[in-house]
1. I want to check the label-to-label distance for ALA99 and ALA137. Put each point 7 Å from Cα in the C-beta direction and report it in nm to one decimal.
2. Sort 27-40, 87-100 for me by packing, meaning the mean count of neighbouring Cβ atoms within 10 Å per residue, highest on top.
3. What distance in nm separates the simple spin-label points at LEU70 and ILE91, each placed 7 Å from Cα in the Cβ direction?
4. Add +1 for every Lys or Arg and -1 for every Asp or Glu among the other residues with Cβ under 13 Å from the Cβ of PHE128, and state the total.
5. Where does the charge balance sit around VAL78 when Lys and Arg score +1, Asp and Glu -1, over other residues with C-beta under 14 Å from its C-beta?
6. Which loop trypsin sites (Lys or Arg not before Pro) in region 133-165, with loop taken from DSSP, have no more than 12 other Cβ atoms within 10 angstrom of their Cβ?
7. Would you rank MET164, MET147 by solvent-accessible area, highest first, keeping every protein chain in place and using a 1.4 Å probe?
8. According to a simple spin-label model (label point 7 Å from Cα along Cα-to-Cβ), what is the distance in nm between ILE62 and LEU11?
Amino acid sequence: MTVFAMFGPMLIGGFLILLGAVLLLNVFGLPGNWVMLGMVALYHFLTPGESGLTLWYWAIVIGIGILGELCEFGLQIVNARKFGSTNTGTIGGVIGAIAGAILMAPLFFGLGAFIGALGGAWTGCFLFELIKGRNAADAAHAALGCMVGRFFGTVCKLACGGVMLAVTDLGREGSLILAASPRPDLFELAFGR
């Protein structure tokens with residue numbers, strides 16, 4: 001009997017917790033969805049038996065990951081435009097979000113990256129709108145749209161990561177969510193039923 005057969009459910013449960021923690025890296029401005037996908041690939045290659053990670057699986061989760069990235073910046077851009085931002089202000093908001101996330105990352109145990117991305121989106125859009133010649137009230141309104149869009153973009157990216165986690169099949173009786181429950185043969189092995 002291998003170690004994996006004896007402790008499989010515990011290992012899978014621990015791996016689930018680890019993947020959930022990695023998913024939260026998105027809040028810190030890090031590529032949590034892609035790190036999670038890399039960890040699942042590593043799991044696939046290191047564990048024995050069938051994993052259920054087919055070519056279709058990889059196409060779907062990579063597509064969901066790309067959708068998450070597009071949502072993150074796309075919602076910021078669309079919302080900024082909805083609030084009256086010009087192209088210049090929108091570009092300033094994207095640049096500001098990236099710069100703010102990088103500059104604020106060390107603060108508040110990493111949560112500064114999220115705060116910095118929101119504040120940077122607002123500041124970048126506001127400053128670029130002022131440089132463009134708009135008055136402060138219109139620039140602030142456009143910047144608010146850019147910041148709100150960045151917030152909802154991050155929420156959508158987290159949701160896409162959650163979907164990626166949910167559809168991951170480790171070959172243990174269905175999807176990753178169901179994998180936390182022991183396989184019937186392991187249950188019988190452990191409890192003799």
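1. So the label points at ALA99 and ALA137 sit 2.7 nm apart.
2. 87-100, 27-40
3. 2.3 nm
4. For residues surrounding PHE128, the net value is 0.
5. +2
6. Sites meeting the loop and neighbour criteria: none at all.
7. Values: MET164 5, MET147 60 Å².
So, going from the largest accessible area down, we get MET147, MET164.
8. 2.7 nm
The values are calculated or read from the model by the stated rules, or taken from the named source; none is laboratory data. Every value quoted in this text rests on a predicted model; they were computed, and no experiment measured them. Note that we place each Cβ from the backbone using ideal geometry, even for glycine, and neighbour counts take in every protein chain shown. In case anyone asks, the SASA skips ligands and DNA or RNA and just uses the protein heavy atoms, side chains included. Shrake-Rupley method; radii C 1.70, N 1.55, O 1.52, S 1.80 Å.
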